[in-house]
Amino acid sequence: MTTEPAAVAPDRPADDIGAETLRRMAGLEAYNRWLHDRFDPYLGRRILEIGSGIGNQTRYFADRERVIASDIDPYYVDILRSRFGGRPNVRFASFRFPLTEADRADLRAERIDTIVCLNVLEHIEDDAATLRDCAAVLPEGGRLVLLVPALRALYGTLDIHLSHFRRYEKEPLRELLERSGFAVDDLRFVNRVAVFGWWLSSRVLKRKVLPKDQLAVFRLMMPLLRLEEKRPPSFGLSLLALARRV
């Protein structure tokens, strides 16, 4: 793992569509907060975030004892530094999977107790090896917060242009986590209200990027997400897993 020097930063992201999607999602303040609240009680004190992007979720736990905000793209690492660089508890890093032994040793030395990996695993071809790497750097009982896109039937142009290798089904994801060295404490669908919009844009209209008008409608539907707090839905746009290293 390399800690990115402040002087090295490209002037544009490696993936323009991914960057635009992150910027549009940043405007969904209520959703980002709602999502964070779903896993906040599970977080420990020393957090590694894999694929922090522009910090849409990082900001909610940046005050923990130790935070490593990481991304494969130096463009995003520079944005993270500009947002959180004044915090002495936050380190900025870039690394690739599979991890090298030096990467694993570095992360173990940080005494990480929680890994946060939100909408990242689907971008990595060998997801099983990545999860095994996560288990390798966590102590026994260390926690993993994982969010992935759900339902293979929804896979379409939005996924393709976001460089998604896959979408996930619930029980196969549980089995993958267990094979990779984790015990699953909770695994649930989230964000049922966005399923139709994604299907329409990705499977029917064949769009390349999340449309702004669709996000505006989603913003109006945010109150419906509160219903998921009382009764987890039987399907949703994403799967949220909370797991422990065994």
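Here are the numbers:
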item: Scope region 105-144; condition more than 16 Å from Ala69 (Cα to Cα) and basic (Lys, Arg); matching residues; result: Arg132, Arg143
item: Count of residues meeting criterion [hydroxyl-bearing (Ser, Thr, Tyr) and assigned to a helix (DSSP H, G or I)] in region 132-172; result: 1
item: The listed residue being buried (at least 19 other Cβ atoms within 10 Å of the Cβ) and hydrophobic (A, V, I, L, M, F, W, C), out of Leu187, Leu173; result: Leu173
item: Hey, Leu210 modelled with pLDDT under 95 and not in a helix (DSSP H, G or I) or not; result: yes
item: Single match in Arg143, Arg219, Arg203, Arg207 (criterion: surrounded by fewer than 19 Cβ atoms within 10 Å (Cβ to Cβ), touching a Leu at 6+ places or on another chain (Cβ under 9 Å), under 24 Å from Thr58 (Cβ atoms) and not β-branched (Val, Ile, Thr)); result: Arg219
item: Top-ranked residue in region 21-75 [being among the small types (Gly, Ala, Ser) and part of a strand (DSSP E or B); ranked as surrounded by the fewest Cβ atoms within 10 Å (Cβ to Cβ)]; result: Ser70
item: Qualifying positions in region 83-102 - over 20 Å from the mean Cα position of the chain (by Cα) and farther than 20 Å from His123 by Cα; result: Gly85, Gly86, Arg87, Pro88, Asn89, Glu101, Ala102
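The values are calculated or read from the model by the stated rules, or taken from the named source; none is laboratory data. Quantities reported herein were computed from a predicted structural model and do not represent experimental measurements. Every residue, glycine as well, gets a Cβ built from its backbone with ideal geometry; the counts of neighbours run over all protein chains shown.
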